Amino acid sequence: QVQLVESGGGLVQPGGSLRLSCAASGTIFTIYLMGWYRQAPGKQRELVASSTSDGSTNYADSVKGRFTISRNNAKNTVYLQMNSLKPEDTAVYYCVIRPKLLPPDYWGQGTQVTVSS
């Protein structure tokens with residue numbers, strides 16, 4: 001059984017910053033991939049950023065230069081530092097992990113991020 005607990009969402013003004021955290025627990029020892037997706041109202045869920053255990057990272061073009069993904073492997077935790085937030089970043093953000101090279105993936109419950117003045 002794998003559980004993911006997300007935190008750090010909220011309301012922020014345009015140009016502000018937020019840091020999301022996602023801690024994984026359960027019968028896992030190492031995690032190959034950790035990442036974040038988001039889903040805005042009326043839109044499909046999209047990849048925001050991902051990080052693999054070999055150090056590779058991947059970002060959506062819309063967040064490059066503003067968001068940074070990082071991970072603490074000892075704590076099985078992934079973070080998303082979001083700077084220079086824009087109203088179009090408003091969405092529910094979901095954490096996802098893939099313990100091994102192949103699925104299954106495990107998803108968090110989602111945390112709301114609202115960017116508004």
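Scan segment 74-98 and report the pairs whose first residue is in contact (Cβ under 8 Å) with a residue 12 or more places away in the chain and more than 19 Å from L11 (Cβ to Cβ) and whose second residue is surrounded by 15 or more Cβ atoms within 10 Å (Cβ to Cβ) and basic (K, R), with Cβ atoms within less than 8 Å and a gap of 6+ or a chain change.
Taking only residues 6 or more apart or on different chains, the pairs are T77/R71; V78/R71; Y79/R71.
If I filter segment 74-97 for residues that are assigned to a helix (DSSP H, G or I) and over 15 Å from S17 (Cα atoms), do I get at least one hit?
Narrowing segment 74-97 to residues assigned to a helix (DSSP H, G or I): 74-75, 87-89.
Checking which are over 15 Å from S17 (Cα atoms) leaves us with 74-75.
Yes, some residue in segment 74-97 is assigned to a helix (DSSP H, G or I) and over 15 Å from S17 (Cα atoms).
Looking at (1) touching a residue at least 40 places away in the same chain (Cβ under 8 Å); (2) surrounded by 15 or more Cβ atoms within 10 Å (Cβ to Cβ); (3) small (G, A, S), can you tell me which one A49 breaks?
(1)
Taking the condition surrounded by fewer than 21 Cβ atoms within 10 Å (Cβ to Cβ), more than 13 Å from the chain's Cα centre (by Cα), among the hydrophobic types (A, V, I, L, M, F, W, C) and in a loop (DSSP other than H, G, I, E, B), does L101 pass?
The answer is yes for L101.
Name the one entry in G35, G15 that is closer than 19 Å to T68 by Cα and loosely packed, with under 13 Cβ neighbours inside 10 Å. I'd like the intermediate steps shown before the answer.
Values: G35 fails: loosely packed, with under 13 Cβ neighbours inside 10 Å.
That would be G15, the only listed residue that is closer than 19 Å to T68 by Cα and loosely packed, with under 13 Cβ neighbours inside 10 Å.
Here, each number is a calculation from the coordinates, and none is a lab measurement. If you're wondering where the values come from, they're calculated on a predicted model, not measured in any experiment. So basically every Cβ, Gly included, is an ideal-geometry build from the backbone, and we count neighbours across all protein chains shown.
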